[in-house]
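A short write-up of the structure that comes next.
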Amino acid sequence: MTTTTFTKSKAMALKLGEVAPALFCTFGLRNDRKIPYQRNGQQGVGADISDEALFTIDAINSMSNIRYGQYFGLSMNKPIVIEGKGHLVCLDVDMKHKPEGEPTHPAIKNLADWVNKKKALNELSVSGKGYHIFVVAKATSNILRKYPLAQGQEIEVFGLASSDKKSILLTGVAMEGEVVEMDDIEALLIELGIAKERAVPPPAQASRGNLEFLNPAQAQASRANLEVFEAPLQATARQYVNDPQVTYEKAVEALKSISADCDYVTWIKVGQALHDAFGDQGFTLWDDWSSGGAKYKGQADIDTHWKSFHQGGGVGIGTLFHYAKEGGYENQAAKADSSGLSIDNETGEVLPPALTLLSVTDVISNPSPAPTFIWDRYLPRGVVSMLGAHGGTGKSTVALMLCVSAALGRPLFGVDTVQCKTLFLSLEDSASVVRNRLAFICQKWAVNPTALDGKLTIADGTEYPELFSAEHRNAGDKTRTYYEMNHLVKTGEVGLVVIDNASDAYGGDEIQRRQVRAFIRSLMEVAKPVNCALLLLAHVDKNTSRLGKPENGEGYSGSTAWHNSVRSRLFMTRDAIDRLTIDHQKSNLGRCHESLRLQWLTDELPQLVTNQAGSDSIDPLLQAVASKDDEDRAKKLLRMIAEFASRGQFCSPATTSRNHVHAVLKSEPEFSKMRLRTDDTKRLVNQCQRAKWIEQQEYRDFRRKLHQRWVLTDSGRLFAELPAPTAPT
């Protein structure tokens, strides 16, 4: 557990303890499962927990760490009443099941606006996909425990007699505001569109007549009962018609696709699902559906099972729709009429168009803004770009140099940057590694680190690196690390974000196009609203890594969606003498920019060695150093060729043979230290041949078969500082 996690969670607990007589437990996370702990370390905090088993606010205030778990939790197993003011209430906004691309429900947006306007106390949930909002309310009647709003979006209410009895994990992440006091929480929920205004008073007792659509054989006999039951019950159910997937009417339709003669387990789960969604209002629906089956034993049997259910027991309304879908039920959220309008098939509401028509006649007289860049022509703003390279090539160093350059508004490798605030998110390298890199950059560039204060932010995400998680073939979800990053970008007015790197940030299958696109779209949701440039660092595939260059010209790994989804893509390679090349392989906003050629010398930073304006002139000092490095490597190579030849292991001039120079020498420790790839070895061998340090010679093996081998010439031995060869025996 990091100090930051403890400090933030403790701050939220203390904030709540200031306004309410609250008690607290602690929480641990195990495989994304929240485990509550009592004060003595015993797991489980039930509705009947004693006050002595929990922490008081004074106990929390004196704590410097959490012995059991990682977070504090607010116990809401029973209402927390503040004398003269009302109940402490938590509104839990949950969007962790919202499908990728599904818009945020308007009611949640209204609630967010209300929170910002009132400066109500709120925090980000541990999943990173929801919020906890804390208020004090006097009038709390007629409040449901849960308000489903749209696919995967809902608001749960905790702290009331009608609420589920549980504890709320307190993160303190992005904590803002104070506890707001109000008179009537139901009025607020209606005003925000979370709850519907009550159509009729709830009936004291709904008749339990058989439903016509479920058991047509008994319809005529029970029509009177049906009318008595149907009108008030459906009106009451429609008080909160927010999500077509969980309305009473939709459950009625779904039940038509489930046989009442199903197995016992299915029958029980259908009942639990109806109980979870509608409370006691679902009893009649389960009873009348069950009565259509041959196994029906009467209302007393139904009542016995119904009383054993409890809301929040783990089986939700989604289970009912799952069984219904297996029976042929089709749940379409919207349909298009003949006019092309999208119509909600449950409410009849006209939905906003999915397509936006663009104006074409004024593209010259009223032009759209031209693309802008943080790093001229390489990194466009408002979109996602990628820099791919083999591990150890230096992409993290170059990316951090870019962040420093943009923070100070200085060119990088002769290419202009736009001065802006920058964020470097390290998901792979530890804090000490990144800090050491930054210190080295500051020393070499004579930059006082204080000049970066407020301009460069470095965030360590190595403890929880995934920004996006997906299993099997599903669309995937954003994580709490993603939401914390997004918060930093928005509140910090960041212009450049670097994520290091994709293999840690992406928790899906790299060859699943749907998941890759969803991940890149999630990053677009960070870049586009604030018009920042987002650079994702990525490792290359195995073949590219092995060859030292992009196979078939492509420098990315996995699905082509990595290439197609990003708007600009760079690929960096490093040769044997530490020369770097950054190729601009893709640009959706114009032609690709020129390649950058760099030299990375020992104890230095990468720097430009080629005049990018078109001249091939290289800095004489750097050229001399590079030539000297080549000479040193050539000497070592010649010595090893001669040594292996003295043992009868010859190097063939044929690059396709099994005993070419690289194949023969690669197991030699001294050769490995030279960090030569196959192409680098070929280049050195060619240089040695042009310098007449080696020549080809024919020889016969023990089978008298003719072969060729490299041998050192006299000048080669002189250059390699080797003695003259002994006379052959």
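Bear in mind these aren't lab numbers, they're just calculated from the coordinates by the rules spelled out. Bear in mind the structure is a predicted one, so any value in this text is a computation, not a measurement. Reconstructed Cβ throughout: ideal geometry from the backbone, glycine too, with neighbour counts over all protein chains shown.
Assuming 0.36 nm per residue, please report the length gained on full extension of the stretch A300 to H472 beyond their Cα-Cα distance. Please report the intermediate quantities before stating the final value.
Details: separation 172, 0.36 × 172 = 61.92 nm, distance 4.39 nm.
So the chain would gain 57.5 nm between A300 and H472.
For the peptides 665-673, 107-115, the ranking by packing is 107-115, 665-673, with the highest mean count of neighbouring Cβ atoms within 10 Å listed first. From Cα pairs below 8 angstrom and at least 6 apart in sequence, can you work out the relative contact order of segment 621-719, rounded to a whole percent? It comes to 27 percent, rounded to a whole number.
Order of L712, L488 from fewest to most other C-beta atoms within 10 Å?
On the way: L712 21, L488 17.
Final ranking by Cβ density, sparse to dense: L488, L712.
If every alpha-carbon in segment 3-192 counts as one equal scatterer, what log10 I(q)/I(0) does Debye give at q = 0.09 1/Å? Here the Debye-derived log intensity ratios amount to -0.31. Here the residues Y264, Y296, Y131, ranked from fewest to most Cβ neighbours within 10 Å of their Cβ, fall in the order Y264, Y296, Y131. Residue-wise HN-Hα couplings along segment 288-294, as the Karplus relation 6.51 cos²θ - 1.76 cosθ + 1.60 with θ = phi - 60° gives them from phi, are 6, 5, 5, 5, x, x, 5 Hz; Gly and Pro carry x. Scoring 698-708, 714-724 by mean Cβ neighbours within 10 Å over their residues and listing the highest first yields 714-724, 698-708. Each listed q (0.16, 0.20, 0.23 Å⁻¹) maps to a log10 I(q)/I(0) for segment 1-57 from the Debye sum over equal C-alpha point scatterers, namely -0.55, -0.85, -1.05.
Here the simple spin-label model places points 7 Å from the Cα toward Cβ, and for R690 and D48 these points are separated by 8.8 nm. Based on Cα contacts under 8 Å between residues 6+ apart, segment 380-617 shows a relative contact order of 25 percent. Could you work out the relative contact order of segment 3-192, using alpha carbon pairs under 8 angstrom and six or more residues apart, expressed as a whole percent? For segment 3-192, the relative contact order is 27 percent. Can you work out the FRET efficiency for the pair Q708 and T4, with r the C-beta to C-beta distance and R0 = 60 Å, to the nearest 0.05? Given R0 = 60 Å and the Cβ-Cβ separation, E is 0.35.
Counting 0.36 nm for each residue step from E493 to D632 and taking away their Cα separation leaves a gain of 45.1 nm. With the simple spin-label model, which puts each label point 7 Å out from Cα in the Cβ direction, the A59 to A161 separation comes to 2.9 nm.
With R₀ set to 35 Å, the beta-carbon distance separating A431 from E594 gives a calculated FRET efficiency near 0.50.
If you scale each eigenvalue of the Cα gyration tensor by 5 and take the root, what three semi-axes come out for segment 621-719, rounded to whole angstrom and sorted largest first? Taking √(5λ) for each Cα gyration eigenvalue gives 24, 15, 12 Å.
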